[in-house]
Each structure stands twice: as C-alpha cells, then as structure tokens.
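Report on the following structure.
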Amino acid sequence: MEQADEGRDPALNVVDRVAEMCFGLFMALTFVGAVSSATSAPSPTSGADAGHTMLVTALGCNLAWGLVDAIMFLVRTLADRGMRFKVATAAREAPTATEAVRAIRTALSPSAQLLLSDAEIDMLRQRMANAVELPERAKLNARDLLGSIRIFFIVVLSTFPVALPFVLLSDVSTALIVSRILTLIMLFAGGMALGRHAGFNGWATGLGMTALGVVLTMAVIALGG
C-alpha cells in the first residue's frame, strides 16, 4: 500500500489544483457580486467600508469552506485507502483463489472490470499475496496532511484577486469591474492548464472556462448579486 501511494499522482495534481482554485473563485464571486447592490444606492457600507466589508466577508467564507474542503480531502483519502486495504486483506485471507478474485473484481471500476479477465486479476491476487506484510490498518500520513493544507491555501488565496480590488480602489463600481476581470483571467489560466493536462487545446478550454465564469457572473447578477 505504501508503494502504491508513492507511485500515485501527487497529493494535488493539475486537475485538483484547478478545481480547488475555481471553487475558491466561485465562492468569492458569489459574495463579491453582492457589492453591485451597494453601487446602486447610498449605503452605510459604501466606498472604503464596502470594500473592507466584502474582503472580510469573502475571506471568512473561503476560510470556512477551505477548512471543510481540506478535511473532506482527508476523509476521502482515508476511505479510499481503507477500501484498498480491505481488498488487499481479502486477497490474502480468502479461503480460495476464486473468492479472492471476486473480492478484487468488486473493488474495480466498471471499465476496469471489462478490461481485466479473471486470469489477469488472479495474477494481481498472487502479487498481493506475496507482498510484504500489510499494516495493521489504513491510516493517513504526512503526504495526505500536506495535500489538505494545499487545498486550504488554494481556496483561501483564490479570494484575494476577487476581493482585494475593493480595498485598493475607492470607487466600488470600478473595483467590481476589476474584480470580475481578474476572476475571468484566472479562470482562463486554470482552463488552459486543465486543457493541456487532458491533452485538449489549451486556448479552447481556457476560453470555455472563461465562458463558464461569464455565465456564472450573469447568474449572480440576475439573482440580485
């Protein structure tokens, strides 16, 4: 199991990082969109006060959801590792090879089940049976904790390009425009990285992610944000 963890993708690969960045951006965008109501009429929180309020509100939201997402990452990782531990234990302790093969097959994805024959799964069973001793139980390690910390900071740091213009610019309307432009730029960069990672055209996926951001922004405005 340790060898499998060392050979897997990094705790946060490109897809994970882009997904968490977009999550943070969209969360902050829903709060920042509410500033448009402050620009339509005088308010006690207009101007610099409105900018400070929006930064604190958006940051607080992403701090909370960054913490939740980081914890859920650990939960998912432990559950996945527990499943692999269960399969490995069943492969070693099953009374017959047939039952062990059946246990391994049920743990595979539907596509993998179609690709692998019982003979191939039995070869995998033999490798598991001849492997070194299994740990007493599935558990988290420092690599998993590092991944959760990365998730937390990605979600939180995604707040600042969206909310910081309201602190740096005195005019709320201008800050709102700059905020949305920065959001679209980050979405384009994330979409391009995701496209290149998946083997697609980076510009096309970047523009597609940007279009998604535009649609979301319009939805926020339409819903009163």
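The values are calculated or read from the model by the stated rules, or taken from the named source; none is laboratory data. Just so it is clear, the model here is predicted, and its values are computed rather than measured. Please note: Cβ atoms are built from the backbone with ideal geometry, for glycine as well, and neighbour counts cover all protein chains shown. Keep in mind that these areas ignore ligands, DNA and RNA; they rest on the heavy atoms of the full protein, side chains included. Shrake-Rupley method; radii C 1.70, N 1.55, O 1.52, S 1.80 Å.
Normalised by the number of residues in the range 72-220, the average gap of Cα pairs under 8 Å and 6 or more apart makes the relative contact order 16 percent. Atom-type composition of the exposed protein surface of the range 62-143 places 62 percent of the accessible area on carbon and sulfur (1.4 angstrom probe).
Subtracting the Cα-Cα distance of Arg92 and Val15 from their residue separation scaled by 0.36 nm leaves 24.3 nm. With θ taken as phi - 60° and the Karplus curve 6.51 cos²θ - 1.76 cosθ + 1.60 applied, the whole-hertz 3J(HN,Hα) list for the range 195-211 is x, 5, 5, 8, x, 9, 5, x, 5, 5, 5, x, 5, x, 5, 5, 4 Hz, x standing for glycine and proline. Inter-label distance, Ala64 to Met123: 5.3 nm, where each label sits 7 Å from its Cα along the C-beta direction. Rg/Rh for the range 60-102 (Cα atoms only, Rh after Kirkwood) is 1.38. Each Lys and Arg Cβ is given +1 and each Asp and Glu Cβ -1; about its Cα centre, the range 63-162 then shows a dipole of about 160 debye. Summing charges over neighbours of Ala103, with a neighbour being any other residue whose Cβ is under 14 Å away from its Cβ, gives +2 when K and R count +1 and D and E count -1.
The orientation-averaged shadow of the Cα convex hull for the range 81-225, equal to a quarter of the hull surface, comes to 13.7 nm². Among the protein heavy atoms, those of Lys139 account for about 120 Å² of accessible surface (1.4 Å probe, every chain in place).
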